[in-house]
Amino acid sequence: MPAGMLNLPEDVARDLEARLAATTPEDTSRGLFFLGVLDAVRFLGGADAVKRCLELVGETADFMPMQTYPFPRFLRLSYVAAEQLSPLVGGHAAAQRQIGTQAMVDFLNSMFARDFVQQTGGDPRRLLELMHSGYRTALNFGERSVEWLGPKAGRVIMKRSLMPVPYNEGIIQSALEVAGVQDVQVRGQAQSLVDAIYDVSWS
């Protein structure tokens, strides 16, 4: 469901259920992404908001960064977190983007990202080209590729990403900004429930 359509709680609930139905028992995510969700909630909503999120999904905060967990648990946690953050940031899409931003910040500060960061050398084109390996480190599903539209513009193509467009927008923009890239613009467009393209540019 397009991000602009997720204005009502029932729309958000339907979107989550559709994504859960698209997952398999083999789909997993590293614990650091779960922790990123909780970090985003803690930063914007405080400890009480974190507690509410965990209670609503029946989780505890003892996720291990390197351990893998079933992806449906991540989906449920991130959607509940977005519900908590929506009034603070201007809606569900903005909340998902904030959660994606925090996920990338946490990833780039983790042991997983050391080689990734070194290989990019601060080059935005190289960063986008290597993003698929960064995703693969944290997730065991999905395909990502890049097409170049100009010296400072590209298109990231994601197949079976399972997460909504705003979440991945936050990830891409945060990755480039942390690398020191200026005036980053990321605009995602859903092609299906789990496929999307992201036009990226910078100055």
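Since every read-out is calculated from the coordinates, none of them should be taken as a lab result. Everything numeric here is computed off the predicted structure, so don't read it as measured data. FYI the Cβ positions are ideal-geometry reconstructions off the backbone, even for glycines, and counts take in every protein chain you see.
Just a few scattered comments:
- Between E17 and D115, full extension at 0.36 nm per residue minus the direct alpha carbon distance yields a gain of 31.7 nm.
- Dimensions (Å) - segment 1-108, Cα atoms, principal axes, largest first: 34, 32, 27
- Efficiency of FRET from Cβ geometry, F43 and K152, R₀ 35 Å, rounded to 0.05: 0.70
- G31 sits among other residues whose Cβ lies under 13 Å from its own Cβ, and their net charge, with Lys and Arg +1 and Asp and Glu -1, is -2.
- Stretch gain in nm, segment R73-K159, where the contour uses 0.36 nm per residue and the Cα spacing is subtracted: 28.9 nm
- Three principal axis extents describe the C-alpha atoms of segment 148-189; from largest down they are 28, 22, 13 Å.
- Highest-first arrangement of 161-168, 186-193, where packing means the average Cβ count within 10 Å: 161-168, 186-193
- Convex hull of the chain built on C-alpha atoms - directionally averaged projected area, nm²: 10.3
- Its Cα gyration tensor gives segment 47-110 an equivalent ellipsoid. The semi-axes, each the square root of 5 times an eigenvalue, are 19, 16, 11 Å from largest down.
- Expected 222 nm ellipticity per residue - DSSP helices of 4 or more, -39500 (n - 2.57), all of the chain, to 500: -18000 deg cm²/dmol
- Crossing angle, helix 47-57 versus the chain [Cα axis fit, 0-90 degrees, rounded to tens]: 80
- The chain: angle of helix 9-22 to the longest principal axis, Cα-based, in degrees nearest 10: 70
- Helix 31-45 vs. the chain, principal-axis angle (Cα, 0 to 90°, nearest 10): 70
- Sites T24 and M66 - FRET efficiency at Förster radius 22 Å, r taken between beta-carbons, to 0.05: 0.50
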